[in-house]
Each structure stands twice: as structure tokens, then as C-alpha cells.
Amino acid sequence: MVTEPETPLHYRSARGLARAIRTGETDSHALTRLFLDRIERGSALRAFTHVAAERAEALAEAADRLLAAGIVLGPLHGVPVAVKDSLAWAGTPQSGGSLARTDCVSDHTSAVVRRLIASGMVVLGKTSMTEFAFGLSGQNPTCGTARNPWDPLHDRAPGGSSSGSGVAVAAGLAPIAIGGDTGGSVRAPALMNHLVGYKPSSGLISRAGCLPLSPTLDVLGPITRTVHDARTLTAVLTGPDFDDPVTLTAQQASMPSGTRTLAVLAEEAWPVPMHPEAVDHWRRALERVAGSGWTLETWSPPTILDFDGLG
């Protein structure tokens, strides 16, 4: 009987890697070196703007020592992670994808990076993005555009603004990454790189230390290989932070217990025409949702939010 070869470490889920570290299949330092080597060999993808190799190895060694002492700081202890260039990390560049900030080096660390490190994760470096987080397709003509790894012959849009985070995970340069989402900047690169992108509700994850775009819409969220990874990393990052007052407001459950109704944007309200194949995928996905016991309610935006009017 022929069996499928085991999934290489660099293409495993973050939870799978955490399990591999705990069981002794590998350790955090070896895993971190693996990803650092892949980042170097995959530099043509332009996924990273800054690689913190020495720091990453130090964090990995610390994670291994803690595990050897029986101390596990979190569910993704020892697992490498990449973060968007909009997030501050003391001593590293925070360009925001703009030449205007080329010489900007953070003198403080963002709440998200602090939580990642406090949970035992290993920060590999900063990922590329569109300038000041504008743009869903992912192009950055001045600082360089991350290359979608799914097509080796032609340039394909990587999705933005968290383009580097999506490319890094898709290409196996990092098992999991942090992006920022104002109007789709986590979800678009996840979609275009065949990954999972999750935009949490406002106030779940602190934005302190992140370059702002829209105070009322900005959130930070994970780009991952699996839904389980996205849920796990969100849990790691969720919590109140005095530096982001929105996180201090009691959060309502995003979906009350027992709710089985889902609002679906009416097709006639879509902002742009979709390719027939994409429409077919969309409709079949809705059929699967309805078949799992959900009630679908068609929703159209009020006139004030009409897409044509907003343009």
C-alpha cells in the first residue's frame, strides 16, 4: 500500500508544529533555522522587509529552554511567526511600506508583538505591505511588490495590504503571520494565496503600536493555513490593553448562542461583476452552509452605503 509522503515541516499548520515541538520531533531552534533558511532562499518573493535572524534564534533558544524545564507559555509555544511592517518592534524598521519612513526605527514594541513573545512564539521579522496600507491588490511600486508564489512564470496580485504576510505563509517562509485589516487587508491576501484570513471584531486585539489607517475600522488578525490556527492565534492575542481603549469596552458575543441565521450580500449589490466560475463557487458554498442547518437571509446595503455612491 502506497502512502502519501509526510507533510514537510514548512508546510504544516502552526498547531501541528507546536505539537511537533512538544513531542520532540523537532525543537524551536531547528524549526526557526529552517524558516530563516527558506526566507533567505526565497528572497525573490519579497515577502519580508526585515528579517530578525539573531533575535529569532535567541527567542527560539529561550523557548526550548523553557520547554525543557516543563514550562509552556502558550498553545503555539516555540512556533515561528511573521508580523506586518506596520507593527512596532523596538530596534527594527517600521516603514509602513513607504520610502518616506525608510529610516524610521521603532523605539517601542507593539502590544501584539509583546503578546506573541510572551506566549513563547518566535518572531521571524517584518513582512511587506502596500504603502500606508492602501490597496487590496497588494502592489507597492516604490518599495517592491511581494510575489504571489502560486505562479512561477507570471506576476499575480498577492493581495493587500498585508501582501507579505500572505506570501510568507503560502510559500512556507513562515507557518503563520499577522496582518492588519481595515477593509479587507487580511482577507484579500489570504484569498489570493489560498489561505485562511480572519478579521476579528474591533476591540478583541490591541492595535497599540500599529500604524493607523482608520481608527474606527482598523483591526489586526491572523493569516494562516487552517481555521484552527486562526482561532488559536486570535485567542493568544485577545485581551484588554490600556494603550488601546477600544479593548477595554466589554465585548458583545459576535454571535449569540443559538443563532443560526446568516446575512448574505445580495448579488445585485456586489460592487463589481464576478467571473462566472467564481459566482458558481460562491453559490455552491452558500448551498453547503444552508445544508449544514443555517438560514440565509439576503441583505442589501442602505442607499447611503451604496457602492456606486461611495465611488
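Observations, loosely collected:
- No other residue among L67, L87 is within 30 Å of A133 (Cβ to Cβ), of a type in the set (A, V, I, L, M) and touching a Ser or Thr at 6+ places or on another chain (Cβ under 9 Å) apart from L87.
- Extreme residue, modelled with the highest pLDDT, among residues of region 277-311 that are β-branched (V, I, T) and exposed (fewer than 11 other Cβ atoms within 10 Å of the Cβ): T295
- Total residues in region 163-177, condition touching a helix residue (DSSP H, G or I) at 6+ places or on another chain (Cβ under 6 Å) and closer than 28 Å to I21 by Cα: 9
- Condition met for V81 (in the same structural domain as L173 (by TED's automatic domain parsing) and closer than 29 Å to H154 by Cα): yes
- Considering region 251-271, and only residues there that are in a loop (DSSP other than H, G, I, E, B) and over 20 Å from K199 (Cβ atoms), the residue that is modelled with the lowest pLDDT turns out to be S257.
- Among (1) under 19 Å from L233 (Cα atoms); (2) outside any helix (DSSP H, G or I); (3) within 14 Å of the chain's Cα centre (by Cα) - the single one L191 does not satisfy: (2)
- Only one of V122, V105 that is surrounded by fewer than 24 Cβ atoms within 10 Å (Cβ to Cβ) and either of a type in the set (D, E, K, R) or assigned by TED's automatic domain parsing to the domain that holds L237 (or both): V105
- Residue check for S137: of a type outside the set (F, W, Y) and either within 30 Å of L67 (Cα to Cα) or at pLDDT 95 or above (or both): no
- Evaluating S165 against the criteria (1) part of a helix (DSSP H, G or I); (2) at pLDDT below 95; (3) polar (S, T, N, Q) leaves one unmet condition, (2).
- From the options P141, P212, residue that is closer than 30 Å to F242 by Cα and without any contact (Cβ under 8 Å) to a residue 24 or more places away in the chain: P212
- Search result, residues across region 116-141 that are over 15 Å from the mean Cα position of the chain (by Cα), farther than 26 Å from D37 by Cβ and part of a helix (DSSP H, G or I): A118, E131, F132
The values are calculated or read from the model by the stated rules, or taken from the named source; none is laboratory data. Not measured: the values here are computed from a predicted model. With ideal geometry, Cβ positions are generated from the backbone for all residues, glycine too; neighbour counts draw on all protein chains shown.
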